[in-house]
Amino acid sequence: MPLHLQKLCVGAESFEDMEDWIAQTLDQRRRAGLPVEQIHTTRMMPSRAAEIVEGGSLYWVIKGTMLARQQILELRAVTGQDGIQRCAIVLEPRMVRVTPWPRRAFQGWRYLAHDDAPGDLGAGGDAGDLPQHLLLELRELGLL
């Protein structure tokens, strides 16, 4: 079973905000002649990196609720302009909606076991097209 990461998404108000930001970032990289890939840089390299790159995803917590995931393609060790070693998480640019799960704030990233990860929405005629606030209410009522 793959191991996942969870991370707070700072600055986005919704799933759609995050999608728009990804599209803008990829377009900027394309216009600048850089490789067109989505990279999220974080301070620490996961010690369990091998388990993560074998099918793991980064689950995004947006405004206190885990709402989306992106497949992790690679974990790269990089050195910042300040000389500090960091981890570049290379992500599949496509975001997948997941069953909303409330999450408390935390710093950095956290491991997320596969069996503890929320399921994907939008497949098989489920509630994936409902607005974010309704999905959260359904989850709180135990209906999702």
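A compact table of results
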| item | result |
| --- | --- |
| Residue in segment 78-91 that is in contact with an Asp or Glu (Cβ under 6 Å, 6 or more places away or on another chain), within 22 Å of ASP120 (Cα to Cα) and in contact (Cβ under 8 Å) with a residue 24 or more places away in the chain present | yes |
| All positions within segment 30-47 that are touching a Phe, Trp or Tyr at 6+ places or on another chain (Cβ under 9 Å) and within 10 Å of LEU75 (Cβ to Cβ) | THR42, PRO46 |
| Test: residue in segment 76-88 that is touching a His at 6+ places or on another chain (Cβ under 7 Å) and in a strand (DSSP E or B) | no |
| Whichever residue in segment 24-59 is of a type in the set (A, V, I, L, M) and touching a residue at least 24 places away in the same chain (Cβ under 8 Å) and, among such residues, is surrounded by the fewest Cβ atoms within 10 Å (Cβ to Cβ) | MET44 |
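We did not get these values from a lab; they are worked out from the coordinates using the rules stated. Please read all numbers here as calculations on a predicted model, not as lab measurements. When we count neighbours, we look across all protein chains shown, and the Cβ atoms used for this are built from the backbone with ideal geometry, even at glycine.
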